[in-house]
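Participant: Dropping the structure in here first, questions after.
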Amino acid sequence: MDGKHEHKSRGRRAAPRPQPQPRAVTATPGHRRVEDARVPTDALGAELEQPAPLARVLRLFAGHGRALTLVGLLIVASAAATLASPFLIRGIVDDALPQHDLKLLAYLTLGLVAVVVANRVLALIQSLISTRVGHEVMHELRDRVFRHVSSLSFRFFTQTRSGEVQGRIAHDVGNMKSVVTTSFTELVQAVATVAAVLTAMLVLDPWLALFSFVTLPLAVWINVRVGRMRKKITAQRQKYLADMQTSIQESLSVSGILLAKSMGQTSRIQDEFSTLSGRLSRLEVEAVLAGRWRMSVAQLALTVIPAATYFLGGVQFELDRAHMTIGTLVAFVALQQQVFGPLVDILKVTNKLHASMVLFGRVFAYLDITPDITEVESPQRLVHVKGRVELRDVSFTHPGATRPTVDAVSAEIPVGTTLAVVGHTGSGKTTLGYLLTRIIEPDSGAVTIDGIDIRDTSFEDLARAISVVAQEPYLMHASVYDNLRYGRPNATRADVEAAARIAQIHDAIEALPEGYETLVGERGFRFSGGERQRLALARSIVCDAPILLLDEATSALDPVTERAMTEALAALHGKRTTIVIAHRLSTVRYADHIIVLENGRIVERGCYDDLVTAGGQFSRLVHDSAVTEATAT
């Protein structure tokens, strides 16, 4: 590939973020160009400790209003039921027991049982609803993040570690699950219970209620301090998790293992992983212990209050028995027990929410990345594509480059013909291929298919029109058959086998233990490089796209197989438009037209024999290629 690419975008979207040293760009008339609005990788790293606004998190629940309203009503009902118990206890102590009224005692006791049963039922229903809503919200967020990230441009993935991406989608969203499914409702329920109980305490005895509140400022202050500590630790922990995810993926993949073993670096990667794991382990311990003693002080103060209340209530009972009864004191202490538990829950949940806001911030940071390349609002349909391709004065310059990578390239490829693009490494061949498939967009000029600018059509239509075979084909860990019909899931077995024969790979597949049902293994490493390229070619042929782009697709083939496949492709001549980007020039002999790139510009064009006879750049490339192949042989 020709280095890093700057992706452009079109259509209406949010204003881009400022980028250092912006460069001026031009556009083909009728096509608006927008500078890259991505959040760069280093900026993402800087945002790790930026928590998400609570209002934005709450907006995730916007589509679940009815369910949340029902949960709120259940919480209010549960809080109201909770208030009944102390008053029933006061009635037992002050009325039923002194008066020896067994009937009243039975009613009040049954009331206590009814309150407990009602609370359990309400809590169960509320838990079922909130859990279902929470998991739906997590599914919607995870799906939204995956869809958004997968729509980002190629440049994003070349500058972002795949382990980081996976960590945010899998680990961060997964760790947010408990917050969304239970913590929010627990917090609301605790707040509702505290509000109801505090009101009841003020009704029973205002002075004892005020005494009960003296520890609240201390508890709140401690909670804020602990929340800040855990938020910082959570940000660091997630960063180390992403580092470890990347280390596992890179080191334990087939490519990583081959590299480590061949370079004698197995011990080093083991030590590096051990270091990362140790750091993560220490952070996990720190996260659990952060503020533990502060929270213990606050909880201790809250538990000491009931004992002091008995003393003050007893003194008040002796001084003013008209206003303070034993039943009132017992009921008041019971209310304290009911309020301090939810208060402790509020402290714990708010600390958890503080830490989770960092996770939400990391995920939202990805959602805030504006795609570089977007579809127009009303794309033109590419239907019944014939396959006429045209490059109209196309230019593209990589960021920071001193000259264009592709400079004013124009070419027309008639339907059913083959165009070969050749040139030295770095001449702009692969970049031109990226422009043809809209992986990047030109700074000026246009690429058209059947007269339609590819920027004016949809990604789906463009993908159906052009099938690509890359120099380094990617195969999934699935059967050969599933790999070959990846781009066309409804392809028949006959379609797949016919494509495999054209790609000169059918016999090799049939020789496998399970034929077309054989698993290819991770990235297809059970196959040779040439076999992977032929499998990728067969996969593209199965797609039956009217345009076929081969980007160094025969570079790993031996001369005999390459010659056989070239002749097989020649049999497709006239049935589809083919664009061949090649370094080995033996593959372009059958091309109808050849363009030679040098420093991004076309320096020669014509058919194979004419260009060889001309004795120019192409002739020298052919001579150098022949010498190289002879030496390799």
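The values are calculated or read from the model by the stated rules, or taken from the named source; none is laboratory data. Everything numeric in this text was worked out from a predicted model, so none of it was measured. Cβ sites come from the backbone with ideal geometry, for glycine too, and all protein chains shown count toward neighbours.
Participant: Tell me yes or no: at least one residue of segment 56-66 is buried (at least 16 other Cβ atoms within 10 Å of the Cβ), at pLDDT 50 or above, within 26 Å of PHE184 (Cα to Cα) and touching an Asp or Glu at 6+ places or on another chain (Cβ under 9 Å).
Facilitator: Yes.
Each row is one residue, and each column tells you yes or no for (1) of a type in the set (D, E, K, R); (2) in a helix (DSSP H, G or I); (3) farther than 30 Å from ILE89 by Cβ.
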| residue | (1), (2), (3) |
| --- | --- |
| SER127 | no, yes, no |
| HIS139 | no, yes, yes |
| ASP143 | yes, yes, yes |
| PHE157 | no, yes, yes |
| ILE169 | no, yes, yes |
| GLY174 | no, yes, yes |
| GLU186 | yes, yes, no |
| LEU202 | no, yes, no |
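Participant: Checking ALA553 against (1) closer than 28 Å to PRO404 by Cβ; (2) modelled with pLDDT under 70; (3) not in a loop (DSSP other than H, G, I, E, B), which single condition isn't satisfied?
Facilitator: Among (1) closer than 28 Å to PRO404 by Cβ; (2) modelled with pLDDT under 70; (3) not in a loop (DSSP other than H, G, I, E, B), ALA553 violates only (3).
Participant: Which of (1) of a type in the set (A, V, I, L, M); (2) in a loop (DSSP other than H, G, I, E, B); (3) at pLDDT 50 or above is the odd one out, the single condition ALA15 does not satisfy?
Facilitator: (3)
Participant: Within segment 528-541, does at least one residue satisfy the condition of being within 17 Å of TYR474 (Cα to Cα) and surrounded by fewer than 17 Cβ atoms within 10 Å (Cβ to Cβ)?
Facilitator: Checked against the condition, which is being within 17 Å of TYR474 (Cα to Cα) and surrounded by fewer than 17 Cβ atoms within 10 Å (Cβ to Cβ), segment 528-541 yields at least one hit.
Participant: Residues to consider are HIS148, HIS139; find the one that is surrounded by fewer than 19 Cβ atoms within 10 Å (Cβ to Cβ) and either in contact with a helix residue (DSSP H, G or I) (Cβ under 7 Å, 6 or more places away or on another chain) or modelled with pLDDT under 85 (or both).
Facilitator: Values: HIS139 fails: either in contact with a helix residue (DSSP H, G or I) (Cβ under 7 Å, 6 or more places away or on another chain) or modelled with pLDDT under 85 (or both).
Just a single option satisfies the conditions, and that option is HIS148.
Participant: Mind counting the residues in segment 86-133 that are among the acidic types (Asp, Glu) and without any contact (Cβ under 8 Å) to a residue 24 or more places away in the chain?
Facilitator: Within segment 86-133, the subset among the acidic types (Asp, Glu) is 94-95, 101.
Now drop any that are not without any contact (Cβ under 8 Å) to a residue 24 or more places away in the chain, which leaves 101.
Residues that pass the stated criteria total 1.
Participant: Moving on to the next point. Just need a number here: residues in segment 578-633 that are among the aliphatic types (A, V, I, L, M), in a helix (DSSP H, G or I) and modelled with pLDDT of 75 or more.
Facilitator: 7
Participant: When only residues in segment 373-429 that are crowded, with 17+ Cβ neighbours inside 10 Å, under 19 Å from GLY600 (Cα atoms) and basic (Lys, Arg) count, which is modelled with the highest pLDDT?
Facilitator: Ranking the candidates gives ARG392 first.
Participant: Yes or no: segment 367-385 includes at least one residue that is free of Cβ contacts under 8 Å to residues at least 40 places away in the same chain and under 19 Å from THR448 (Cβ atoms). Talk me through it step by step, then tell me what you get.
Facilitator: At the first step, the residues of segment 367-385 found to be free of Cβ contacts under 8 Å to residues at least 40 places away in the same chain are 378, 384.
Then keep just the ones that are under 19 Å from THR448 (Cβ atoms); that gives 378, 384.
Looking for residues that are free of Cβ contacts under 8 Å to residues at least 40 places away in the same chain and under 19 Å from THR448 (Cβ atoms), one finds at least one in segment 367-385, hence yes.
Participant: Which of the numbered conditions does ALA401 fail, given that it passes all the others? Conditions: (1) of a type in the set (A, V, I, L, M); (2) within 30 Å of VAL622 (Cβ to Cβ); (3) not in a loop (DSSP other than H, G, I, E, B).
Facilitator: It is condition (3) that ALA401 fails.
Participant: Here is a follow-up. Kindly indicate whether any position in segment 441-464 is without any contact (Cβ under 8 Å) to a residue 60 or more places away in the chain, more than 16 Å from PRO546 (Cα to Cα) and surrounded by fewer than 17 Cβ atoms within 10 Å (Cβ to Cβ).
Facilitator: So far as segment 441-464 goes, no, none of its residues is without any contact (Cβ under 8 Å) to a residue 60 or more places away in the chain, more than 16 Å from PRO546 (Cα to Cα) and surrounded by fewer than 17 Cβ atoms within 10 Å (Cβ to Cβ).
Participant: Next question. For ILE502, indicate whether it is closer than 19 Å to ARG576 by Cα and of a type in the set (A, V, I, L, M).
Facilitator: Considered against the rule, which asks whether it is closer than 19 Å to ARG576 by Cα and of a type in the set (A, V, I, L, M), ILE502 comes out as yes.
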